[in-house]
Amino acid sequence: MRALKKAAADERLLIEAAQKDPACFADLYEINFERVYAYIVKRVRDRAETEDLTSEVFRHALANLHRYDWRGIPFEAWLYRIAANLISDRWQRSGREIAADSIEAAVEPSAEIEEVERRATMFRLVDSLPEEQRRVVVMRFVEEKSIKEVAREIGKTEGAVKQLQFRALSNLRARMEGADA
């Protein structure tokens, strides 16, 4: 979990640096290029057009970076939104006839963007758990330790660790349902 917090903090610092000095945008470009390219190529399926659109996404992002407001959602989600809008615009300009579901995939929030947002919400909710519950969740699901390993490390019985895990997951489920409402 600390690694995720650090990554989010690092990303925020990179964004703030790029907002002050556009030369710092290169780091954001390097981190996100492959994901944005993959997102576009899945929808466009033409290499030259994918390259053009990917370039346009980053040009647009750099030109509008001063408008970007950090809300804890990964920067790549913003880039995906830009890409979806550019794909839709290009299709409309070119006058192509596209199946309705293809247009919806480009215009509506993609499953990938929704997944990024869902994960960001989950990370925030895990951070809000009571200390012992958060520690158990991180050790079990991030560090992938067994119940026995967690029990030994935190000095509790395996039954106590299972109870902490159960309470944490119940707590998270209730909070996720509240966040979705």
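The values are calculated or read from the model by the stated rules, or taken from the named source; none is laboratory data. Because the structure is a prediction, the values reported are computed rather than measured. Because the Cβ atoms are built from the backbone with ideal geometry, glycine has one as well, and the counts that use them run over all protein chains shown.
Of note:
- Boolean, ASN32 is without any contact (Cβ under 8 Å) to a residue 24 or more places away in the chain, surrounded by 14 or more Cβ atoms within 10 Å (Cβ to Cβ) and in the same structural domain as ARG12 (by TED's automatic domain parsing): no
- In the range 48-70, the residues that are modelled with pLDDT under 90 reach residues that are among the basic types (Lys, Arg) with C-beta atoms within less than 7 angstrom, at least six apart or across chains, in these pairs: TRP70/ARG12.
- The criterion of being surrounded by 18 or more Cβ atoms within 10 Å (Cβ to Cβ), at pLDDT 85 or above and under 26 Å from ARG124 (Cβ atoms) holds for GLU76.
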